[in-house]
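Presented below is the structure to which this report refers.
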Amino acid sequence: MSRKPDATTVNPPDLAVALKYDGTSAPRIVAKGHGETAGRIIATAEDHQVPLHHDPQLAKVLSRVPLGEEIPRELYVAVAEVIAFAYWLSGKSGPETD
């Protein structure tokens with residue numbers, strides 16, 4: 001599985017949460033941080049052309065999910081919309097498989 005996130009949800013410049021979806025289970029939190037760490041996550045996402053989604057409320061909720069954990073079921077619809085939009089922006093039809 002590629003470690004490159006599929007989308008990064010941000011509340012610039014204070015908070016960023018990177019999500020990875022492999023198509024076999026729920027999306028996972030692969031990076032998150034506040035302040036300077038958030039800035040590095042956002043810069044890395046931009047460097048790797050990972051779409052950024054600006055949603056302060058969703059970013060705050062996702063930041064409470066432990067690193068490496070799947071998102072909770074209650075967030076499936078909101079995160080599915082973010083990932084679908086990220087795929088659309090990047091011209092993908094779904095998760096990449098290695």
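The values are calculated or read from the model by the stated rules, or taken from the named source; none is laboratory data. Since the model is a prediction, treat every value here as computed from it, not as a measurement. Cβ: placed from backbone, ideal geometry, glycine included. Neighbour counts: every protein chain shown.
Before moving on, here are some points about what is shown:
- For region 16-46, the set of residues classified as of a type in the set (Lys, Arg) and modelled with pLDDT of 95 or more consists of ARG28, LYS32, listed by residue number.
- Screening the candidates VAL61, VAL79 for the property of being in contact (Cβ under 8 Å) with a residue 60 or more places away in the chain and either at negative phi or part of a helix (DSSP H, G or I) (or both) yields one hit, VAL79.
- Filter result (exposed (fewer than 13 other Cβ atoms within 10 Å of the Cβ), closer than 16 Å to ALA7 by Cβ, out of contact with any helix residue (DSSP H, G or I) (no Cβ under 9 Å at 6 or more places or on another chain) and not small (Gly, Ala, Ser)) within region 35-55: GLU46, ASP47, HIS48, HIS54
- Note on region 38-56: residues that are without any contact (Cβ under 8 Å) to a residue 12 or more places away in the chain and over 13 Å from the mean Cα position of the chain (by Cα) total 3.
- The lone exception for PRO13 - which of (1) at pLDDT 90 or above; (2) of a type outside the set (Gly, Ala, Ser); (3) touching a Gly at 6+ places or on another chain (Cβ under 7 Å); (4) part of a loop (DSSP other than H, G, I, E, B) it fails: (1)
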